[in-house]
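Here's the structure, in structure tokens; my notes come after.
The values are calculated or read from the model by the stated rules, or taken from the named source; none is laboratory data. Quick caveat: nothing in here was measured; it's all calculated off a predicted structure. For neighbour counting, all protein chains shown are included, and Cβ atoms are generated from backbone atoms with ideal geometry for every residue, glycine included. Surface accessibility is based on the protein's heavy atoms, side chains included, excluding ligands, DNA and RNA. Shrake-Rupley method; radii C 1.70, N 1.55, O 1.52, S 1.80 Å.
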Amino acid sequence: MKGWMWWVAVFVLAALVPLFGPSGYVLDIGVNIMIYAILAYGLNVLLGYTGQLPLAHAGFFGIGAYATGILTLKMGWSFWLAWPVAVAISAVAGLLLGLVAFRTKGDTFAIFTLGVGVIIMLVINKWDALTGGNDGLNGIMPPAGLEALSKSVGLKLSGGFYYLALISLALTVIAVARTRGSVFGRSLIAIRGGDDLARSAGIDVYSHKLRAMMLSTAIAGFAGGLYATSLGFLGSAATGPIQTFTILLYLLVGGLGTLAGPLLGPALMYTLAQNLKGLQDYQYIVFGPLLVLLIMFAPQGLVGLWHRLTARRTPPPAAPPNQKPNQKEVTSAGS
Amino acid sequence: MLEVRDLSVNYGHFTALHAISLNVNPGEIVVMLGANGAGKSTLFRTLSGLQRASGGSAVWNGTPLTGGKPEYNVEHGVAQCPEGRLLFPELSVEKNLRLGAFVHRKDAAGTNKELERVYTLFPDLVQKRNAPAGSLSGGQQQMVAIARSLMARPQLLLLDEPSLGLAPMVVEQVFAAIQRVNEAGVSVLLAEQNAYAALDIAHRGYVMESGVLTLQGTQQELMTDDRVRSAYLGV
Amino acid sequence: MLEVKGLGIRFGGNHAVQDVTASVEAGKITAIIGPNGAGKSTFFNLISGFYQPTSGSIHFLGQDITRLPTHDVVARGIARTFQTTTIYKELTVLDNAMIGHRVRTRAGLWDALLRTGREKRDEEESRVGGMAALERVGLAAQAGLPAGALTQEGQKRVGIAMALSSDPKLLLLDEPAAGMNPEETVNLMALIRELVVGGLSVALVEHKMSLVMGLADEILVMHHGQKIAEGTPAQVSRDPAVIEAYLGSHAHGGQMGQGSNGNAPASTAVQRTKDSNHA
Amino acid sequence: DKVVNIGYSGPLSGGAAFYGKDVQSGIEMGINDINKAGGVTVAGEKVTFKLVSLDDRYLPNETATNVKRLTSQGIDVIFVPHAGGILTVQPMTTRDPEFLLVAYSSEPKILEAKNPLTFMLPPRYDNYLFPFVSTQMKAFGKKLGMVGTTSAYGKQWAEAVTGEWKKQGGTVGANNGVDYGTTVDYSAAVTKALSEKPDVLFIGGPSQPTALVVKAAREQGFKGGFIVMDQAKFEQMDQVVPISYLNGSVGVLPTKEFAGTQLFVAQYQRLYKKIPTSEAALNYMGINVLAKAMELAGTTTDPAKIKGSLDAAAKALPQSKTIFKMKGVSPLGHADADFIIASVKDGKYTKLRLDTIYK
Amino acid sequence: MITFLQQFLNALALGGVYALVALGLTLVYGVMRVPNFAHGGLYMLGAYLTYASLTELGIGYVPSLILAAIGVALLAALMERVIFYPLRNAPHVSPMIAAIGVLFFLEAAVQLIWGPDFKQIPAPINGIVEIGGVILTWQRLIIIAASVVVVVALNYFLKRTLTGATIEAMSQNREGARLVGINTNRVGALTFAISGLLAAAAAALIAPTLLVSPSMGEVMNLKVFAIIILGGMGSVPGAIVGAFLLSFAETFGGAYISLDFADVIGFAMLVLVLAIRPQGLFKRGT
Ligand SMILES: Nc1ncnc2c1ncn2[C@@H]1O[C@H](COP(=O)(O)OP(=O)(O)OP(=O)(O)O)[C@@H](O)[C@H]1O
Ligand SMILES: Nc1ncnc2c1ncn2[C@@H]1O[C@H](COP(=O)(O)OP(=O)(O)OP(=O)(O)O)[C@@H](O)[C@H]1O
Ligand SMILES: [Mg+2]
Ligand SMILES: [Mg+2]
């Protein structure tokens, strides 16, 4: 099967799920996985393709979510207007961070953005007048018309949210796939291989990084808007470093720099975490080591594991033509 | 003496060395010629222990070298100046060199003496002694790499393309130094693209192609061999 | 085509390049030689915008490029390779070459997202440009292989292809023949000559005198960050300052430039019968 | 016999786990007591209970997911012990399927939402304001310093106590609230508050950090009194600092000091090896009221009917299950429990008489 | 003025706390380049082991500290062996996420064994020192002194001893280190052991001034990472300067700007410093 056919199959299957009348819980899990997947796609643009580790990702998720929440709740905007504006705000915020942060490289960049991530969370947490501070924002409404639309096709609101998330995810996958396969995307990959090399190849590293950052944070804000409307409540905890690390973990388990990884990782890990809840006090005793084992034995993530397994079934690749073994006997020189 | 018997090395499915056998006698300089990708570095890395062998043996004066433990090999007198230099880029040149004498850590006086020796060999390094090794020019780094392998005061010195990136005059000095080291009783195995210079100081040599040894002989024999002359001496 | 005036840079107290005034002429091969640490690579880094000079100016085709960022320098037509081979080992050979073509394309993020006509045109153009570069270095047949699977020499060629696919007017090569055996060096020389015939100008740093003497139209000699001589190979190899600082007994160029010196034991001296062939 | 599942979503791991566990222990102990006594009879059927707990790490979105999971398992009563989670899931109570939300948080917004299916357990904190303020102002003086926690609840408390203190004629210093959850060292905040030479300090957050604030203040030579917000429990604070440090404080009377709670306290200590707090006690009562309400309503599955019987159930709660006296449940679903405050004198807890009760 | 001095001492004591915890991390992150997010977990475990030795074994404070330090050191060495060593060639984020897995595990295990409630370790030396109206507890004095001693010792160890040089060498080029005869397995485990030792000792020293809980490491983690980046990776004096900078920013920012935003001020300073000096305050030397 060709790559894109897999994707069509996955999305068609996923679209069929609500028709079997699953419980609100199952749909909710689906929506959560998809929100995390969108976030992971955003992170993948920077980390997987461009090779930069931004640890403020959840902060931009928060900016998107709070922008949506504030615009709809306090300004009375329609969600359908607030959402794209929130995406734009996240992208601009990403640009502003990038302008400064990309002066640093490597670990310093990571920690720099971690600092910014903490600041974003703290500001959201402390700015009572705007964000509701510790109380959070409560009562964000579902998108106008979503409930009616869902009812008209015989679904509950949760089914409507599920489809909204599914469409959002599909858009994200298309956007990321297009970026990856483009002239621009190849330049990002070049930057991943090292700033200096990319520079010498004539790539404007700084501007490419900035644009990658904007795409990444726009996607995070996109996920944030979806989160705000589907949950109806916003608290600052979901915008901090712990959330960033959770997404990072999902992405790593799925497979860095791959197109399927950001979906597979959340799907597996979120479902796993839900199921481990039954273990109560033992859930992290199991989850922690499981995570370590996954990282150690599937270092390229699930996608890498899949490639390894499928590769094993095909015969080993023949040695490159210039390396034919030559079994001549050792002869003596000069004779 | 170094005895290599049927040594094979694989990288995954790819076999880089096909059961090669060779030896280096005490006090000899042996040169290993071969095109790019022939497997010279693989051989050197295996002898120094950085690379595990997948078959065969390599024994230095009764010490097996194929255990995949470079620290063990260097303890037993086998030091390597590796391809890619493998320096400690953020440590000073002098620290790099002193660490080269790690196996003689109990013998500070000997290390200091050796340090003086390598500084006279590479006077360029003297003024760079406190600079981070990574800030040096390519050739200067190569000098540090060679000097560091000498600091271990080995009995068997493995030099993987030591002349890489060195100015002609320095190359001469390096080869002269190799010869001096050798005259002091150290056996040397040398891989070189610079076949002329290498054959010049070598006693014997081998030619490697695609992971097998195709030719061996004394210095004179190799120098006059047509195949060697056309492929490696550019005649 | 390239003019450098009073160029200098210091790292802390170290004057790596100091007051260098020189020029590279169009359609020629200019070699830069000098002892290790003379400042040759740094000189290249200054020209290509990797380092910002602390003094002096650089003009290319009449325009001041002194403080331009690297990608702008490349866009103006100066491409380079590195002293140690640096390419994208995990990408295909063709991808490497196509990355080099980026500077000639304009498609950005929006084009990627909307799959605009420009995106499609630029992608096609990159492919054509990349393949053309691969053909020039003789790697067209290996286009689909991961670059890391190639030999050292092949990887060096990939690096050159990457530089070529940016359509440069001037190519800077830093020790292109390092680690190559004589046969391969000769092939490389042929390749460089072909490129020059095709209209490219080349500046290169190299320690292999056979290559330098056999290839260069002009030689520039650096020592302690300064230019100490320049001229044709014949002039330079007779220059006592150059002999003292760099060439040593190789004033006449070795067979492969790097024979052993006069200190070597007499028993081996007889082998150097061909030493002065190229001088 | 029928087994009815009761849901619980609270923090069982992470920084707030101790709190989530305290709440959980109260519900659990209540359920065990009911089951040991043979359960309750609902519509002629013997009913026992089972607690289904899910960790939400204090995150509202996790609470929402947990609640959906619990309701999809047919659970009709769910306990949630934090305001964020409660506010998030309140709109879900009346969506399909309906459930009764037992809210353990004194956040007034929970009542303001006028949600028909919420049962809020803790007393409203504004009851404490007047007696706390008047007692301390009389005993120590008219200047109040502020070092409360900066949680949502803490900030409301701080605002309310400021208002009350001023109303009674005192002056209030700058607010030096710090986050009791993340602060490593309270000295800086305390130093700043003490620089204004207050007579009384308002403090409070989780008990143990609160005790550290007391410690920092006493070590820096503070001799005045403390107003301790109701989230902090004296019985836990005196485990951390010498009780003498607490002299001159007013706060909530430790559960064990209530009359008639000895049985509960002894039993709890045997089971959980620690002192029961009002967290455990109120939730213990909550589950008992709930069971009684099911009995009275004759259903275990109709949240609206159960809610309707809560008031009667609270009034009918047997003495043996009563830790704090319950007067009933308001129409908005707020438990009207008696509360008793205490001051600490010479290392002893003294019950304070209350003159006015605010509702 | 007294208030100012008091705040100054508060900041000094807090800086000592940060410095002690940050030092172990500098070693593994700054020197070995392993972003060990489990460091906070080791610190937390150190506190619990101290607590357990004191209450359950009933031994004195100093023996408890030693016992905890040894226990955590062994665990850290084990961690290096089974997790970080196999991941040495993986991309940076892999060991980072693995470390977070370890942190999850440690927190859950500790909560399971000792429960989620706060624990308190009594201070070995009680009482306060008062100098001209300014007050400092003995425990805090000990912390400040200990941090200075540990810094000096660690710096000496890294810069002046051969073992120290081997740690740095190994972190920069593992193959190169093996080539000169360094047993990198042993050095790697040793480095982690030392960092674990420092984390546990820090915890034992600090715990009496605060509360012991399973999540106590999380708060510390971010701050100490910020500190060692602030100071410049791998620079031991940098780490201590970073620690005191952060504590002073938090304390005085809290005192003179807003306590509510004290944490923001600390991180804002980090961001500011890095924006101006991307390499941190102290460039890594030799
Ligand atoms: N780590 C590795 N993984 C896979 N293949 C490798 C690896 N290292 C080397 N090879 C392959 O093994 C073969 C021998 O390589 P080696 O480096 O030993 O050659 P060499 O003779 O030293 O060449 P050069 O002159 O370029 O240094 C080459 O084909 C190379 O591509
Ligand atoms: N980034 C840097 N920081 C500090 N010093 C540097 C830096 N780059 C180069 N140098 C110093 O500048 C001098 C010139 O180095 P450069 O690399 O230009 O030499 P080179 O002529 O290319 O030598 P080689 O032939 O050995 O490659 C050297 O002494 C080197 O140590
Ligand atoms: Mg090699
Ligand atoms: Mg150079």
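What the table below lists for this structure:
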| quantity | calculated |
| --- | --- |
| Over the stretch C:1-129, relative contact order from alpha-carbon pairs under 8 Å, at least 6 apart, % | 19 |
| Shape parameters for the stretch B:152-214, alpha-carbon atoms, Rg then Dmax in Å | 12.0, 34 |
| Kirkwood Rh, angstrom, chain C [1 / mean 1/r, Cα pairs] | 19.8 |
| Mean Cβ neighbour count within 10 Å, used as a protection proxy, ranking D:325-334, A:160-169 highest first | A:160-169, D:325-334 |
| Cα-only radius of gyration and Dmax that characterise the stretch D:170-216, units Å | 10.4, 31 |
| Overall Cα dimensions of the stretch D:121-182, principal axis frame, Å, largest first | 33, 30, 16 |
| Coordinate range along principal axes, alpha carbons of the protein assembly as shown, Å, largest first | 117, 75, 62 |
| Carbon + sulfur, % of accessible area of the protein assembly as shown - ligands and nucleic acids excluded, 1.4 Å | 59 |
| The stretch D:1-110: proportion of alpha-carbon pairs further apart than 20 angstrom, % | 40 |
| Table column - 3J(HN,Hα) (Hz), the stretch D:204-221, Karplus curve with 6.51, -1.76, 1.60, x for Gly and Pro | x, x, x, 4, 5, x, 4, 4, 5, 5, 4, 4, 4, 5, 5, 5, 8, x |
| In degrees, nearest ten, helix C:117-137 long axis to first principal axis of chain C (Cα) | 30 |
| MRE, 222 nm, helices only [DSSP H, n ≥ 4, -39500 (n - 2.57), over chain D, to nearest 500] | -13000 deg cm²/dmol |
| Relative contact order %, the stretch C:63-212, counting alpha carbon pairs below 8 Å whose residues are six or more apart | 32 |
| Relative contact order of chain E, defined on C-alpha pairs under 8 angstrom at six or more residues apart (%) | 35 |
| For C:Asp19, solvent-accessible area (1.4 Å; no DNA, RNA or ligand), Å² | 110 |
| Other protein chain Cβ atoms within 10 Å, averaged over every residue that makes up D:90-96 | 3 |
| Interface area, A with D, accessible, probe 1.4 Å, both sides summed, Å² nearest 100 | 2400 |
| Helical contribution to [θ] at 222 nm, DSSP H n ≥ 4, -39,500 (n - 2.57), averaged over chain E, rounded to 500 | -23000 deg cm²/dmol |
| Protection proxy ranking, peptides A:231-237, A:149-155, average beta carbon neighbours within 10 Å, highest first | A:231-237, A:149-155 |
| Between helix D:262-272 and chain D: long-axis angle, C-alpha atoms, 0 to 90°, nearest 10 | 80 |
| Square roots of five times the Cα gyration tensor eigenvalues for the stretch D:212-300, Å | 35, 14, 10 |
| Peptide-level mean, for C:94-107, of C-beta atoms on other protein chains within 10 Å | 4 |
| Listed pairs C:Lys156/C:Lys227; A:Lys74/A:Lys126; D:Lys2/D:Lys305; D:Lys36/D:Lys233; D:Lys197/E:Lys119 exceeding 23 Å between Cα atoms | C:Lys156/C:Lys227; D:Lys36/D:Lys233; D:Lys197/E:Lys119 |
| Space enclosed by the convex hull of the alpha-carbon atoms of the stretch E:4-126, per residue, Å³ | 133 |
| Sequence-distant residues sharing a close amide H with C:Arg80 (under 5 Å, placed H) | C:Leu172 |
| Rounded to whole Hz, the Karplus (6.51, -1.76, 1.60) HN-Hα couplings of the stretch D:173-178, x for glycine and proline | x, 5, 7, 10, x, 10 |
| Relative packing of A:214-226, B:92-104, which averages over residues the other C-beta atoms within 10 Å, highest first | A:214-226, B:92-104 |
| Average beta carbon contacts from partner chains per residue of D:54-63, 10 Å cutoff | 5 |
| Solvent-accessible ranking of B:Asp124, D:Asp346, largest area first, probe 1.4 Å | D:Asp346, B:Asp124 |
| Span-rule helices in chain E, defined as complete DSSP H runs reaching 18 Å or more along the axis (Cα) with Kyte mean at least 0.5 | E:2-25, E:39-52, E:61-79, E:93-114, E:138-160, E:184-206, E:216-231, E:236-256, E:262-276 |
| Principal semi-axes in Å for chain D [√(5λ), Cα gyration tensor, largest first] | 36, 20, 18 |
| DSSP H segments from chain A that extend 27 Å or more along their own axis, Cα-based, with Kyte-Doolittle mean of 1.0 or above | A:24-44, A:79-101, A:106-126, A:157-180 |
| Calculated FRET value between D:Lys305 and D:Arg270, using beta carbons and R₀ = 35 Å, to 0.05 | 0.45 |
| Residues with amide H under 5 Å from that of C:Leu204, placed H, sequence gap 5 or more | C:Thr30, C:Ala31, C:Ile32, C:Leu173 |
| Heavy-atom accessible surface that C and A bury in contact, both chains counted, 1.4 Å, Å² to 100 | 2600 |
| Helix B:168-183 axis, angle to chain B major axis (alpha carbon atoms, nearest 10°) | 80 |
| Estimated 222 nm signal from helices in chain A, with DSSP H stretches of n ≥ 4 weighted -39500 (n - 2.57), rounded to 500 | -23000 deg cm²/dmol |
| Distance cut-off 17 Å, percentage of C-alpha pairs in the stretch A:151-228 lying past it | 57 |
